Amino acid sequence: MFTLHNSSMIGLAANLCVYTHVSEAISLAPSDYIFSYSSSYAFALRIVLLLVIAWMTLLVFNSALIVVPISLGRALFNSIPRLPITHGIKCNDLYAFVIGSYVIWTAVAGVRYSIEQLKKRRASVLFGQIWKWCAIVMKSSALLSIWIFVIPVLIGLLFELLVIVPMRVPVDESPVFLLYQDWALGLIFLKIWTRLVMLDHMMPLVDDSWRVKFERVREDGFSRLQGLWVLREIVLPIIMKLLTALCVPYVLARGVFPVLGYPLVVNSAVYRFAWLGCLCFSFLCFCAKRFHVWFTNLHNSIRDDRYLIGRRLHNFGEHVEKANEAGASTGVPDTILSDHEVDVGLRLRRINQQAG
């Protein structure tokens, strides 16, 4: 009985302990669940905040990359004086972004190079490079200004006077020239012309010396650019030809033709078609000059073929006389010519008779 009682008591105690642990577990479960839920919520909140901060950082960085160059480019664009060629041009954000980016890149590269030279204690070399590149930039800027702005404006103005004004402007109205449109057209034509010259596709119209000049400029680059040579050999001849093409018809239409006493309508019509007429006259002169050269070359080639100029002539029997002289000097009797030599001699005699 004692053993059974003890075993029942032990089982009761064990059941009591299990119940106690289960009740404790049941009583602690809601708090643990709340703690785990709050931990997962805090983790998700941190992830969301991290993503928001990363997005804001990326937005600010991209905005700075776009806004700063555009603002700098707009400031530089607005600082340009109002020249006649800039009439009607509005500030384009794409151009402003490109200009600002180039300015920032140039400033960063210059500062980095200066810091490297100062770290190496080569201030004299740095100042020498600064002076050298300042001179190169000034020289190149002057030449590029003429090449990019002045020459395209002249080309575009000439094209407008040749094509657009006679086609679109009536005789009783005055033409209005928009120089920025003329500059755009002239820049396109100048680019096409230089490309054709470099590709050697304009031999009848342009001398080969222009391609040699452009190749020399390309080989020299900006660092070894010879400004006076470029100005004398390339820029000034082009400007002088364009000014001649613009000024000569104007002088004829406004200064010479009105002296003849024709009515105002006729004078206006002459002014409209003066450049086109001068172009046709120049084209006829060019064709006449080319035909004269071609006919002269054809005549010279026919004359040379007729009288065998520039060819070596062979006298029939010359080699026979030389052979006889050689036989007489050596005491050997005269040799008889072979059939091949006789045929050659007869052929040469027939040619000489036909030429005579």
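Sort region 130-307 into rounded, prolate or oblate with this rule: let a ≥ b ≥ c be the square roots of the eigenvalues of the Cα gyration tensor; rounded if a/c is under 1.5, and if a/c is not under 1.5, prolate when a/b is larger than b/c, oblate otherwise. It comes out oblate by the Cα gyration axes.
If I model a spin label as a point 7 Å beyond the Cα along the Cα-Cβ vector, how far apart are those points for MET198 and PHE291 in nm? Distance between label points: 3.7 nm. Spin-label pair MET167-SER71: with each label point 7 Å from Cα along the Cα-Cβ axis, the two points sit 4.7 nm from one another. The stretch between ALA109 and LEU94, if pulled fully straight at 0.36 nm per residue, gains 3.2 nm over its current Cα-Cα span. Which percent of the accessible area of region 130-307 is formed by carbon and sulfur heavy atoms (probe 1.4 angstrom)? The computed percentage sits at 72. If R0 is 35 Å, the Cβ-Cβ spacing of GLU233 and ILE130 corresponds to a FRET efficiency of close to 0.75.
The values are calculated or read from the model by the stated rules, or taken from the named source; none is laboratory data. These numbers were taken from a predicted model, which means no experiment stands behind them. When we count neighbours, we look across all protein chains shown, and the Cβ atoms used for this are built from the backbone with ideal geometry, even at glycine. For the accessible areas, the whole protein counts, side chains as well, though only heavy atoms, and no ligand, DNA or RNA atoms are used. Shrake-Rupley method; radii C 1.70, N 1.55, O 1.52, S 1.80 Å.
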